[in-house]
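Novice: After the structure tokens below, expect a handful of questions from me.
The values are calculated or read from the model by the stated rules, or taken from the named source; none is laboratory data. Predicted model, so just to flag it, every value in this text is computed and none were measured. Backbone-built Cβ (ideal geometry, glycine too); neighbour counts: all protein chains shown. Protein only, heavy atoms only, side chains kept; ligands, DNA and RNA dropped before computing areas. Shrake-Rupley method; radii C 1.70, N 1.55, O 1.52, S 1.80 Å.
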Amino acid sequence: MADYAHPEVLVSTDWVSKHSNDPNVRVVEVDVDTKAYEDAHIPGAIAWAWNTELCDTVVRDILRKEQFEWLMTRSGIDSETIVVLYGDNNNWFAAWAFWEMKVYGHADVRIMDGGRKKWLVEGRDAETKAQTPAPGKRPYIASGPDFSLRAFLPQVQQVQKTGSAVLIDVRSPQEFTGELKAPPGLDETCQRGGHIPGARGVCWSKACNDDGTFKAFEELQKLYGTEGVRPTKPAITYSRIGERSSHTWFVLKYLLGIPNVANYDGSWTEWGNLVGAPIEVGQALPPANS
């Protein structure tokens, strides 16, 4: 991990095994499959359901500031707590929770490298009993929201016209070309398939090794560098609903150290349903030299 731009945001399974019971550490599981936590989880870990606890269930949006503060308070988290996130699917939604926590300014939040998969493969202790932490002794006070970490539709429309930022589509190749509108079994969909014109297709999973851990700095640098990502140019990531793109946002910002990276969480369910929005289908052309 030492070669990453910000190695402090990653912890190993061994670190979690040693520190999960520290009074200033809160381990949180965030899964695509919200029932996975019930089958087995890190002892003492709590769970957040991405579809009910990390989003506004009435308005399609992330939590409002007061909702986020309440989630932190009832999770026993204060501003000094070290929050360690992990989950299934190589930390898909753990990365999304990380992004949302940074939007609201939590200082020390980390991801367990390898996630749920690595913990269980290593045969580490697990429990099935759900944990309910004591609420914080005082209300959590968030900062922000820091919208420099979040791209909205008008910004993406401007970037698409001007090329002022690198657009990274992190969905599967089949979603990028328009063959699929959404992964099988997932409800949030779009009217049209394809990708934003000019976007580069780099599937999120290419950033991970087979054991779920992140690839080495040099491998990541080559993977994204060949698509035009560099420290001197802004980048915007997008996926279907913003969860996979938060994973790539994490890689670009914290592992590679790209300073200006935003996650377009409106993503394809917004763009693909927008009347008159330009869309490309098929493979992208090679990136222009710049």
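Novice: For segment 8-35, name all the residues that are at pLDDT 95 or above and hydrophobic (A, V, I, L, M, F, W, C).
Specialist: Matches in segment 8-35: VAL9, LEU10, VAL11, TRP15, VAL16, VAL25, VAL27, VAL28, VAL30.
Novice: Let me ask something else about it. Give me the residue from segment 216-235 that is assigned to a helix (DSSP H, G or I) and without any contact (Cβ under 8 Å) to a residue 40 or more places away in the chain and, out of that set, nearest to SER164 (Cα to Cα).
Specialist: Taking the candidates together, the pick is GLY225.
Novice: Whether any residue in segment 181-195 is of a type outside the set (Lys, Arg), on the phi > 0 side of the Ramachandran plot and buried (at least 19 other Cβ atoms within 10 Å of the Cβ) is what I want to check.
Specialist: yes
Novice: Any residue in segment 54-67 that is in contact (Cβ under 8 Å) with a residue 12 or more places away in the chain sitting within a Cβ distance under 6 Å of a residue that is surrounded by 12 or more Cβ atoms within 10 Å (Cβ to Cβ) and among the charged types (D, E, K, R)? List the pairs, counting only those 6 or more apart or interchain.
Specialist: From segment 54-67, the pairs are ILE62/GLU100.
Novice: With under 24 Å from ARG244 (Cα atoms), among the small types (Gly, Ala, Ser) and in contact with a strand residue (DSSP E or B) (Cβ under 6 Å, 6 or more places away or on another chain) as the only criterion, which of ALA36, ALA40, ALA45 stands out?
Specialist: ALA45
Novice: Tell me yes or no: at least one residue of segment 239-261 is part of a strand (DSSP E or B), open to solvent by less than 40 Å² (accessible area, probe 1.4 Å) and not aliphatic (A, V, I, L, M).
Specialist: The answer is no, given that none of the residues of segment 239-261 is part of a strand (DSSP E or B), open to solvent by less than 40 Å² (accessible area, probe 1.4 Å) and not aliphatic (A, V, I, L, M).
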